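Below you'll find the structure, written out as structure tokens, and then a few comments.
Every read-out reported here was derived from the displayed coordinates using simple, explicitly stated rules and does not represent laboratory data. The structure presented is a predicted model; accordingly, all values stated were derived computationally and were not measured. Because the Cβ atoms are built from the backbone with ideal geometry, glycine has one as well, and the counts that use them run over all protein chains shown.
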Amino acid sequence: MIRQILPSLLAGAGVTLQVFALTLLLSLPLACLLQAFQQFSGRLLKPLFRGYITLMRGTPLLLQLMFIFFGMPYLGLTFSREASILIAFTLNYTAYFIEILRGALGAVDPGQAEAGKMLGFSRRTIYFRIQLPQALRNAMPAIGNEVLNLVKDTSLIYVLGASELLKAGRSAVNTYATALPFVVVGLLYLAMCGGFSWILSRIEKRISYY
Amino acid sequence: MKSRKVWMSLISLGLLMMSGCQAKTTAQQDSYSTLQARGKVVVGIDDTFAPMGFRDENNELTGYDIDMAQAVSEKLGLTFEFQTIDWSMKETELNAGNIDLIWNGYSITETRKQQVAFSEPYLENRQLIITLADSAIMTKDDLAGQSVAVQKESSALEAVMAEAELAAKLKNGAPEEFDTNIDCFMDLEAGRSQAIVVDEVLARYVMKQRGLDKYKVLDDNFGTEQYAVGMRKSDATLLSKINEAMQACVEDGTQAALNAKWFGE
């Protein structure tokens, strides 16, 4: 039985990992950049940032997925399934990462930036070389939470017909008329999240150099 | 003050864009020539509906409807590409043009007729009432006060709700709704639901897998319905072509062979 269901479940896990990896690779750097813009932007741009973050955090990700794939064509923008998934996940997770970074940057001693200024560094250098590295280190536990959430949030893409792990499990449950595939699905999620938490804790140790 | 003005104008611009674009989808055209030029027709299916459409141990799509669609595609000379969709989004996917056909044990109902065009029916299906083998429920009337499970947004649900008087007498005044039909079966076995209403085609398949002696099928049912292929109302040419091809499948014995392969009839 396990041998029969495993190929489709592993294919589903592959889709899950793909969405996970691409979203993470896009959203974390994007959040670092946008946070810089937010910090240096004037009064006109700030409400735009706040609006974006409110929108992303204030509506369900499932709804955002549906809106981008089914709703945007009405506004003249048609995206493929894959693109819609990536856009929705990246926009959503970037918003959360920006908020995490904002908090972590606030916890960095203002003396650090002042010292940088005294030494004649540009605002960009101060942000990327002095403030951001320290903020990222402080933010690791919170980022880790989001990373594990992301693994599990990928199960929402079923709504666009994508066969991720949970959907593959449901399909197998239907085909073989037993709930066993769900147990395997659970174990696969656990293994993925276990692996990622291990990697995260290694990174955390590596960067806590003082 | 200034920023409030900016926001108001942005919001009104957004609303304007949305209202302006609503009109676009209603003016759809017959897409047959476009499909021919593209060389393929996208068929929307739900791969969680054994035995009509599901995945085998190699993760390949298989099932009665997949075989049937392939036979029709050969007769039409068009390639069919299968796109898995979420079943609750099927009409949205169709009318947005993401898929061209809904072909997956799609029952003809009055509500759906308002949104999609149906081909000629190709399979009959009853809405069976199933209980555990030792249940005291014998007739439809015995369902009063009992908890009855159905798949959400399914024709089983519509069939139960159509008998409003009976539906109101169920426990909680309505059937319990689950994501998939298998969830209904599991709820029945867990003893939370006393009966389930499901498509006969799927129910026979599931009962064979889980053990026929565990269940009892009542003589009463919630009516007969027909499976057909759904497409956009604007696609009149595609509709007639599909009907012709399906008729040919009946005449040359293709469909009889499929019935024997999947249902052993």
> To the nearest 10 degrees, how steep is helix A:81-106 against the longest Cα principal axis of chain A, on a 0 to 90 scale?
Replying inline: 40
> Which value at 222 nm does chain A reach when only helices count, each DSSP H run of 4 or more adding -39,500 (n - 2.57), with the total divided by all residues and rounded to the nearest 500 deg cm²/dmol?
Replying inline: -25500 deg cm²/dmol
> With the calculation restricted to Cα positions, what are the radius of gyration and Dmax of chain B in angstrom?
Replying inline: 21.7, 75
> To the nearest 0.05, what FRET efficiency results for A:Leu33 and B:Ala96 with a Förster distance of 45 Å applied to their C-beta separation?
Replying inline: 0.85
> Which lysines have a Cα lying under 26 Å from the Cα of A:Lys117, excluding residues fewer than 8 positions away in the same chain?
Replying inline: A:Lys46
> For a paramagnetic label modelled at 7 Å from the Cα of A:Tyr52 toward its Cβ, which residues of segment A:105-140 fall within the zone defined by backbone nitrogen distances under 19 Å?
Replying inline: A:105-106, A:124, A:127-128, A:132
> Label points 7 Å out from Cα along the Cβ direction at B:Glu163 and B:Asn221: separation in nm?
Replying inline: 1.3
> Among A:Tyr189, A:Asn174, A:Leu105, whose Cα lies farthest out toward the positive end of the dipole of chain A, if unit charges sit on the beta carbon of Lys, Arg (+1) and Asp, Glu (-1)?
Replying inline: A:Leu105
>> I need the calculated FRET efficiency for the pair B:Ala248 and B:Thr79, taking r as the beta carbon distance and R₀ as 22 Å, to the nearest 0.05.
In response: 0.80
>> In 20 Å bins starting at zero, report the fraction of Cα pairs in the protein assembly as shown per bin as a rounded %.
In response: 20, 45, 27, 7, 0
> Say R0 is 30 Å: what FRET efficiency, to the nearest 0.05, do A:Arg137 and A:Phe40 get from their beta-carbon distance?
Replying inline: 0.85
>> What number does segment A:19-163 give for Rg over Rh if you use C-alpha atoms and the Kirkwood radius?
In response: 1.04
> Can you sort B:Glu189, B:Glu165 by how many other beta carbons sit within 10 Å, fewest first?
Replying inline: B:Glu165, B:Glu189
> What is the magnitude of the charge dipole of the protein assembly as shown about its Cα centre, with +1 placed on the Cβ of each Lys and Arg, -1 on the Cβ of each Asp and Glu, and no other charges, expressed in debye to the nearest 20?
Replying inline: 3400
>> Taking the number of other C-beta atoms within 10 Å as the exposure measure, put B:Phe118, A:Phe37 in order starting with the fewest.
In response: A:Phe37, B:Phe118
> Over 28 Å between Cα atoms, which of B:Lys169/B:Lys214; B:Lys208/B:Lys233; A:Lys167/B:Lys216; A:Lys167/B:Lys140; B:Lys171/B:Lys214; A:Lys167/B:Lys208 qualify?
Replying inline: B:Lys208/B:Lys233; A:Lys167/B:Lys216; A:Lys167/B:Lys140
